[in-house]
1. How much length, in nm to one decimal, is gained on full extension between Val53 and Val126, taken as 0.36 nm per residue of separation minus their Cα-Cα distance?
2. Probe radius 1.4 Å, ligands and nucleic acids left out: which of Trp152, Trp22, Trp137 has the largest accessible area, and how do the rest follow?
3. Of all the Cα-Cα pairs you can form in the stretch 1-123, what percent are over 20 Å apart?
4. Beyond 16 Å, how much of the Cα-Cα pair distribution for the stretch 33-92 remains, as a whole percent?
5. How high is the relative contact order of the stretch 78-139, given as a whole-number percent (alpha carbon pairs under 8 Å, six or more residues apart)?
6. Got the relative contact order for the stretch 25-164 handy, in percent, Cα pairs under 8 Å and 6 or more residues apart?
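The values are calculated or read from the model by the stated rules, or taken from the named source; none is laboratory data. All values derive from a computational prediction rather than experimental measurement. Each accessible area value is taken on the protein alone, full model and side chains, heavy atoms only, with ligands, DNA and RNA left out. Shrake-Rupley method; radii C 1.70, N 1.55, O 1.52, S 1.80 Å.
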Amino acid sequence: MNRARMLDVVGTLVRLGLAAIWLVSGAVKVVDPIGTTVAVDAYDVLPGTVAPVVAAVLPIFELALGALLLVGAGTRAAAVVSALLLLVFLAGLGQAWARGPSIDCGCFGGGGAVAPGEEAYGTELVRDLGFLALAGWLTVRPRTRFALDRRWDRGDGDEPGDGDEPGDGDDGGHGDGSMTEGRSAPAGAGRNPR
């Protein structure tokens, strides 16, 4: 397996992993809207009227990101938005840790106030930094296997020799699916007849 194909496989695992994170996170919030509102409100950074709106929109947003990543549609854009959202989460966790309230992040359900000493800010920050690394990978290298992006963006970022799409080096470099195996195309083959 060549290097490009190996990176595609790694990228695919990263994309599916990040998709699973958003899908699970969004799903548990959707089924518990009251708990999600309590979790958002516990950070004490949003006005009381805004917290329920954020709690209602956030799970849908997470599910949408997860769905896009799952099918590989707009992978780079979804990764950038994921990274930005994770930075917001990291800032929220960091400010809560610095200010001192004892809360559970509510990232995967639950959330809200917990007994002093039961908060896990350090673990949650490290976990979210790991998620941010996944989003960073896909931002830098969004090319993955089994993604709709590969069908829509033919030629955009394709690496030669992949062998699974026309123009990837397995067809003599013509990009048209013809199997000329490196032979020159017949004269006038690429011209439009008038």
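1. 23.5 nm is the gain from fully extending Val53 to Val126.
2. Ranking Trp152, Trp22, Trp137 by accessible area, largest first, yields Trp152, Trp137, Trp22.
3. Above the 20 Å cut-off, the stretch 1-123 has 48 percent of its Cα pairs.
4. Working: 892 of 1770 pairs.
It works out to 50 percent of all Cα pairs.
5. Over the stretch 78-139, the number comes to 44 percent.
6. 30
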